[in-house]
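The values are calculated or read from the model by the stated rules, or taken from the named source; none is laboratory data. Keep in mind the model is a prediction, meaning the values are calculated, not measured. Every residue, glycine as well, gets a Cβ built from its backbone with ideal geometry; the counts of neighbours run over all protein chains shown. These area figures cover heavy atoms from the full protein model, side chains too; ligands, DNA and RNA do not enter into them. Shrake-Rupley method; radii C 1.70, N 1.55, O 1.52, S 1.80 Å.
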Amino acid sequence: MKTRAIGLMSGTSLDGLDICFAEFEKSENSWHFKIIEAETIPYPEKWENDLRNSIHLSAEDLLALNSDYGFYLGKKVKDFIKKKNITDVNLIASHGHTVFHQPHRKFTLQIGDGRAIKLVTSIPVVYDFRSQDVLMGGNGAPLVPIGDELLFSEYDACLNLGGFSNISFKKTVKRIAFDICPVNIVLNKIAKDLGKKFDENGDFARTGKVDSNLLEKLNNLEFYRQQNPKSLGIEFCKKYIFPLLENVDSLTALATFTEHSAFQISKIFNENQLKKILFTGGGTYNSYLIEKIKSKTSAEIIIPEKTIIDFKEALIFAFMGVLKMNNEVNVLSSATGSSNDHSSGIIA
């Protein structure tokens, strides 16, 4: 039985909306996928600003943005379907845009009302994948390990280099996953001070000088000593990272933070004796960061085709929607720390 689904992903670095249309099929005990169409739609400046500043809104304005963004997502999907001449879409699965993520207080918020998407597209929508896990005592993140487990099992580990870097791998019989460190959410912010949206190929960082004192402070942050599972949000950066970088020259900050990310990521590979690792996410294009990671580990780093690099997360959210519709487990407690595996998401 084949299921055709559209996955929507908006990352913390606000590069744009990732839309992935894929087909999934289960044969005996294994799942197979095929990406049919995929596109990243950059946010207009107004939407980028609205989403970036959503954390500061009043309750009323945030509720209004939740609806508006839902209708915006619906319109973008409808345009995508028309442009690509897509037929037979069984469902849409939307991650939404994260505003708050505070699992220790039992809440996480991804805006973009799934009911609005359904009203615009007339296609069933699965949304709000994280809240149930947080209510069950989990981190509500990372969620992609279910896809790593069922769609990408030929690798020892899967690493995503996005706003934050996160990893998932099998430890004994269970798949564990956690956020390692911030990456693009910090690098992009510093690059903006230099008039660029991001540090292309890590060229700025390459010309900067690593500040060993700053590097030590970053590497000594309490988060890196915490046990798994654990997850990061923008709040962590605002509280611990940005204050450390405040009066630092931008090139020095980029060089030092790139070194810090590479150190934290390679440390996880080495400690867990990981051999073959699939790299995806926007940070995979940062050749300087990749060089730095390679210099610190003997693990084999696999960089796949561009579609997988760019759309793996959107693909896996589409897959999570398929699992939810079948009432199958789509969140692993070994990855999030919740009380048990479960089938998460709200169906509109």
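Key figures
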quantity	calculated
Calculated over the chain: convex hull of Cα atoms, volume per residue (Å³)	130 Å³
Segment 255-348, accessible surface, carbon-and-sulfur percent (1.4 angstrom probe)	48 percent
Kirkwood hydrodynamic radius over Cα pairs of segment 182-287, then Stokes diffusion coefficient at 37 °C and 0.692 mPa s, in µm²/s	226 µm²/s
Listed residue pairs exceeding 22 Å between alpha carbons, taken from Lys209/Lys292; Lys197/Lys238; Lys2/Lys170	Lys2/Lys170
Net charge over other residues, Cβ less than 14 angstrom from the Cβ of Ile234 (K, R count +1; D, E count -1)	+2
5 angstrom amide H check on Cys181, placed H, neighbours 5+ away	Ser165
Whichever lysines have a C-alpha closer than 19 Å to that of Lys82, once near sequence neighbours (fewer than 8 apart) are set aside	Lys118
More than 17 Å apart - percent of Cα-Cα pairs taken over segment 145-202	48 percent
Whole-number D in µm²/s for segment 39-190 (Stokes-Einstein; Kirkwood sum over Cα pairs; 20 °C, 1.002 mPa s)	124 µm²/s
Overall dimensions of segment 203-348 as given by Cα atoms, namely Rg and Dmax in Å	18.1, 52
Angstrom value of the Kirkwood radius, inverse mean 1/r, which spans all Cα pairs in segment 270-348	15.0 Å
Over segment 25-110, volume per residue of the alpha carbon convex hull, in Å³	147 Å³
1.4 Å probe accessible area per residue over the chain, in Å²	44 Å²
With every protein chain in place, segment 1-92: carbon and sulfur % of accessible area (1.4 Å)	49 percent
